[in-house]
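Step one of this worksheet: look at the structure below.
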Amino acid sequence: MRKILCGTSALAVIFFASLDANAQSIQNTDPSSQALLERIEKLESELNALRQAISQSAQTADAAQATAQNAIKTVNVVQKQTAKAMQGRYSGAESDAKWHLAGYADVGFVGSDRPGADSFVTGKFNPGFHFQYKDLLVFESELEFSTTSDGETATELEYSQFDIILNDYITVVAGKYLSPIGQFQERLHPSWINKIQGAPAGFGHDGVQPTSDTGVQVRGAVPIGKSRLTYSLALGNGPRTTSEGGVALEGVGRDDNSNKSLGGRLGFFPIPNLEIGGSYLTAKVGGYEGEAVAHAETPIQVSSDDPLGLDQARYTLWGMDGAYSKGALSARFEYLKSHRGTLFSITGEEPLGDVLPRLGMEAWYGQVSYRLSNVGDSDFLHNLEPVIRYGQFRISGHDELEEENAQDRFNVGLNYWLAPTIVAKAGLEWRNFKVLGVDSEQLYQFQIAYGF
Amino acid sequence: MKQSSLSPIKGASLILFLGVLLMGTASMAASPAKSKASQKPDPMQVVRGAKAWKNNCGRCHNLRSPKELTDAEWDVSVTHMRVRANLLAPEAEDIKAFLKASN
């Protein structure tokens, strides 16, 4: 026990002595301390190296940050430039030529109380093309594709026209255009616009309203006070006599007589929500010359040796229209009356020719629709639009046409608007034919139409 | 025959006369009004355009949302409508500005 105590005290003395020595002088150290010292020095230099490395990496970090900031700046610049470029691209600020693909399509179902007449109808696909060069010219065209009842695909050029913008007030239209007479053809017939499936009696094909014409128009608007006066004046190939002895009012690629039709419409706004228009058209029509003539290369022979002067007849048409629209309410009215003088013509039934008596046609309709956008608080209700239309079509001087077409027509419909240009229509139509013995007909109509 | 062709001819000449008259006054008034240099953005133009859009673009069909088309397409479509609906040119320009600012 003593030995252990003595040993420990000796070690302690040595330990303290060496500590003291260390404190006094670095040189005078024993070997073990020397090793310690060396280790400390080594640690110190390692620490320095580490410090250096750290400061170096801090520099690197700074550099990296600077680079990142630069990158962000560059990205910002690029973003701005891209936005500008996109703007340039879409505003068309830089491009002189712009175009737009538009048109409409519809599908439907028509049922009838006549036996065997229920049918899905393929509807129509009407692509429209608009190309504009600066503020100078628009070329616009619309095709109509549809499937006929026997499965053929029918293609029609609805219109194809140059609109040359002369100045703020005058645009010259040249080509095949929708007739500016009245409202229905030019403004309302596309199925996404028309609130009822089908045209009013007398305003579709084979009606009193011209559908299209080929020629030139001068049109535009002039300001009067806070309002404007609109005008459309047209000089076209004009109407033609059909093989049935009626009058075809569709734009033809070739005139059958050198007499052009002259017509147009003037419109004005007595109050901002109401537009009133008046239309007029005058032309001469010749007799029907047979199927081949319309397509032949040779000049069309007008038989001017007719002693009675019945080889040409005067055709005139006049009409009035009104359209009121305010918010959810829209009301329209249109009236057209035409007559053609006595005419000598070949017909399908009389290949040697026949004198056709004076032909008179008269049609009108009124239509009111109201969108329930402010009724109740259901979204479904807000998209609904009830519509009614009533019209009459009268024909005199042509028994067959009168039998087929003269009628009172009443429509009620309910439309559901999925979007401003997508509509699902359901409607009922009553046709009350005016010739004794022709049964009246009731139709059920369903249609989906999309304007794009 | 003679009698019935008299009034149409009168009517035709009336239309022709009115047309020439309109064209005359229009082209006289046209030259100063054609302000092509209106490149400076006019904030009031968009406001005027919004009003003109609401008053004119829902007459024949539903108002179509500005979001439907791109700027270039609106340029074409509004020119198309200007011709179809016989709009005043400055009105059409305002409507374009409004539609392109809101799509």
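Computed values, structure above
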| read-out | value |
| --- | --- |
| Cβ-derived FRET efficiency at R0 30 Å, A:ASP135 paired with A:PHE452, nearest 0.05 | 0.75 |
| Contact surface A-B: accessible area buried, both sides summed, square angstrom, 1.4 angstrom probe | 4800 Å² |
| Dipole in debye (nearest 20) - the stretch B:37-102, about Cα centre, beta carbon charges: Lys, Arg +1; Asp, Glu -1 | 220 debye |
| Listed peptides B:45-52, B:83-90, A:213-220 by packing density, highest first (mean Cβ within 10 Å) | A:213-220, B:83-90, B:45-52 |
| Segments A:435-446, A:386-397 sorted - mean Cβ within 10 Å per residue, highest first | A:386-397, A:435-446 |
| Exceeding the 29 Å Cα-Cα cut-off - candidates A:LYS98/A:LYS260; A:LYS73/B:LYS67; A:LYS134/A:LYS176 | A:LYS98/A:LYS260; A:LYS73/B:LYS67 |
| Contour excess over end-to-end distance, with Cα ends at A:ARG51 and A:GLU441 and 0.36 nm allotted per residue | 130.3 nm |
| Approximate spin-label separation A:ASN167-A:VAL412, in nm, with each point projected 7 Å along Cα-to-Cβ | 5.4 nm |
| Peptide B:66-77 - average C-beta neighbours from other chains (10 Å radius) | 6 |
| Theoretical gain in end-to-end length, A:GLN59 to A:THR122 [0.36 nm per residue, Cα-Cα removed] | 15.2 nm |
| Positive-pole candidate from B:ALA89, B:TRP53, B:LEU99, dipole of the stretch B:37-102, charges at beta carbon | B:TRP53 |
| Shielding score for A:217-224, defined as the mean number of other chain Cβ atoms within 10 Å | 6 |
| Alpha carbon centroid spacing (whole Å) that separates the stretch A:30-68 from the stretch A:156-178 | 85 Å |
| A:PHE145-A:ALA424 FRET efficiency (beta carbon distance; Förster radius 25 Å; 0.05 resolution) | 0.70 |
| Förster radius 51 Å - calculated FRET efficiency between A:VAL75 and A:ILE271, Cβ distance, rounded to 0.05 | 0.35 |
| Average beta carbon contacts from partner chains per residue of A:137-150, 10 Å cutoff | 1 |
| Highest-first arrangement of A:103-115, A:58-70, A:231-243, where packing means the average Cβ count within 10 Å | A:231-243, A:103-115, A:58-70 |
| Virtual spin-label span in nm between A:THR67 and A:SER112, 7 Å along Cα→Cβ | 8.0 nm |
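The values are calculated or read from the model by the stated rules, or taken from the named source; none is laboratory data. Keep in mind that this is a model prediction, so the values were computed, not measured. No Cβ is skipped: glycine too gets one built from the backbone with ideal geometry, and neighbour counts run over all protein chains shown. Surface accessibility is based on the protein's heavy atoms, side chains included, excluding ligands, DNA and RNA. Shrake-Rupley method; radii C 1.70, N 1.55, O 1.52, S 1.80 Å.
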